[in-house]
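The values are calculated or read from the model by the stated rules, or taken from the named source; none is laboratory data. These numbers were taken from a predicted model, which means no experiment stands behind them. Heads up, the Cβs are rebuilt from the backbone with ideal geometry, glycines too, and the neighbour counts pull from every protein chain shown. When the accessible area is computed, the model is the full protein with side chains, heavy atoms only, and any ligands, DNA or RNA have been set aside. Shrake-Rupley method; radii C 1.70, N 1.55, O 1.52, S 1.80 Å.
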Amino acid sequence: MARTALLIIDMQNDMAHTDGRAFMPDAAHKIEPMAAILDAFREAREPVIHVVRSYRPDTWDVERFRSPAFQAGRGFLVENTWGQREVDRLAPEAGEPVVVKQRFSAFAFTELDLLLRRAGVTKIVVVGVNLPNCPRATMYDAVGLDYDVVAVADALAAGSDETQRINLQDLAAIGVRVATADEVIREIARASDRLSPN
């Protein structure tokens, strides 16, 4: 039976905590809708995959354009640091895979596609930060890999309302469904009810 998976992208302390080295206020503001969706997926026993960015301290795997900043001591999301860990409210539980990436798309050079297909997933629900970068790149790749994709508008952080509007418009144009957190939560609950024995 086809399943729906939740992808939580880059909701790490450096991005979503006020003390983070690359803090985005909108990421902190959207933790609660993301957490509500996460709770709904867990209750429905649908797959949850945590996607995190992590760089080596020696900077060998950092993108070329970021290297000067890292070499000047302005790096972020460095492996085995507090900043690289997911924020507490969204931290993985036992049985929830963590996919580690170094590039924008969660599919680039990772095992994500394998994990989804092994779990029978045909649809992904995407939340996280920073919408124009990692979530967007991930959703474009997912469409190219023939997944049905849902972008949760009020659970995707961006630098401005205008940036979010334009990116969601672009995603809708390639077949991504744009939904709200409440819509996704209701749909996951209904799907769980249909599968539950009476």
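Check off (1) over 30 Å from Ala181 (Cα atoms); (2) in contact with a helix residue (DSSP H, G or I) (Cβ under 7 Å, 6 or more places away or on another chain) for Phe76 and give me the number that stays unchecked.
The failed condition is (1).
I need the full set of residues from segment 21-33 which are farther than 19 Å from Gly83 by Cα and touching a residue at least 60 places away in the same chain (Cβ under 8 Å), in order please.
If we filter segment 21-33 for residues that are farther than 19 Å from Gly83 by Cα, which is where we start, we get 32-33.
If the condition is that a residue be farther than 19 Å from Gly83 by Cα and touching a residue at least 60 places away in the same chain (Cβ under 8 Å), then Pro33 is the only one that fits.
Is it true that some residue in segment 34-49 is assigned to a loop (DSSP other than H, G, I, E, B), in contact (Cβ under 8 Å) with a residue 12 or more places away in the chain, farther than 24 Å from Asn80 by Cα and not charged (D, E, K, R)?
The answer is yes; a qualifying residue exists.
Is it the case that segment 105-122 has a residue that's in a loop (DSSP other than H, G, I, E, B), under 26 Å from Glu162 (Cβ atoms) and either touching an Asp or Glu at 6+ places or on another chain (Cβ under 7 Å) or not basic (Lys, Arg) (or both)? Explain how you work it out, then say what you get.
First, pick out the residues of segment 105-122 that are in a loop (DSSP other than H, G, I, E, B): 105-111, 119-120.
Those still in the list that are under 26 Å from Glu162 (Cβ atoms) too: 105-106.
With either touching an Asp or Glu at 6+ places or on another chain (Cβ under 7 Å) or not basic (Lys, Arg) (or both) added as a condition, the list becomes 105-106.
Yes; the residues of segment 105-122 include at least one that is in a loop (DSSP other than H, G, I, E, B), under 26 Å from Glu162 (Cβ atoms) and either touching an Asp or Glu at 6+ places or on another chain (Cβ under 7 Å) or not basic (Lys, Arg) (or both).
Inside segment 2-32, can you point out the residues that are within 14 Å of Pro135 (Cβ to Cβ) and open to solvent by 10 Å² or more (accessible area, probe 1.4 Å)?
Restricting attention to segment 2-32, the residues satisfying the condition of being within 14 Å of Pro135 (Cβ to Cβ) are 6-12, 15-16, 24, 26-27, 30.
Those that are within 14 Å of Pro135 (Cβ to Cβ) and open to solvent by 10 Å² or more (accessible area, probe 1.4 Å): Met15, Met24, Asp26, Lys30.
Identify the residue in segment 122-132 that is crowded, with 24+ Cβ neighbours inside 10 Å and farther than 19 Å from Glu183 by Cα and, among all such residues, is farthest from the chain's Cα centre (by Cα).
Result: Leu131.
(1) open to solvent by 40 Å² or more (accessible area, probe 1.4 Å); (2) under 22 Å from Ala40 (Cα atoms); (3) small (Gly, Ala, Ser); (4) not in a helix (DSSP H, G or I): which one isn't true of Ala189, the others all being true?
Unmet for Ala189, out of (1) open to solvent by 40 Å² or more (accessible area, probe 1.4 Å); (2) under 22 Å from Ala40 (Cα atoms); (3) small (Gly, Ala, Ser); (4) not in a helix (DSSP H, G or I): (4).
Can Ala119 be described as surrounded by fewer than 22 Cβ atoms within 10 Å (Cβ to Cβ) and in contact (Cβ under 8 Å) with a residue 24 or more places away in the chain?
Working: surrounded by fewer than 22 Cβ atoms within 10 Å (Cβ to Cβ): yes; in contact (Cβ under 8 Å) with a residue 24 or more places away in the chain: yes.
Criteria met by Ala119.
Check whether at least one residue in segment 52-63 is on the phi > 0 side of the Ramachandran plot, surrounded by 13 or more Cβ atoms within 10 Å (Cβ to Cβ) and part of a loop (DSSP other than H, G, I, E, B), and report yes or no. Working first, answer last.
Initial filter on segment 52-63 (on the phi > 0 side of the Ramachandran plot): 59.
Subsequent filtering for residues that are surrounded by 13 or more Cβ atoms within 10 Å (Cβ to Cβ) retains 59.
Among the residues that remain, those that are also part of a loop (DSSP other than H, G, I, E, B) are: 59.
Yes, there is a match, as at least one residue in segment 52-63 is on the phi > 0 side of the Ramachandran plot, surrounded by 13 or more Cβ atoms within 10 Å (Cβ to Cβ) and part of a loop (DSSP other than H, G, I, E, B).
Of the residues Arg53, Arg85, only one is in contact with a helix residue (DSSP H, G or I) (Cβ under 8 Å, 6 or more places away or on another chain), under 26 Å from Val143 (Cα atoms) and basic (Lys, Arg); which? Show your work before the answer.
Numbers: Arg85 fails: under 26 Å from Val143 (Cα atoms).
Selected residue: Arg53, the only one of Arg53, Arg85 that is in contact with a helix residue (DSSP H, G or I) (Cβ under 8 Å, 6 or more places away or on another chain), under 26 Å from Val143 (Cα atoms) and basic (Lys, Arg).
If you go through segment 136-186, how many residues are assigned to a helix (DSSP H, G or I), open to solvent by less than 10 Å² (accessible area, probe 1.4 Å) and within 14 Å of Leu6 (Cβ to Cβ)? Outline the logic, then answer.
We begin by selecting, within segment 136-186, every residue assigned to a helix (DSSP H, G or I); these are 136-144, 161-173, 181-186.
Imposing the further condition that a residue be open to solvent by less than 10 Å² (accessible area, probe 1.4 Å) reduces the set to 138-139, 142, 171, 181, 184.
Applying the additional criterion that residues be within 14 Å of Leu6 (Cβ to Cβ) yields 138-139, 142, 181, 184.
Residues in segment 136-186 being assigned to a helix (DSSP H, G or I), open to solvent by less than 10 Å² (accessible area, probe 1.4 Å) and within 14 Å of Leu6 (Cβ to Cβ): 5 in total.
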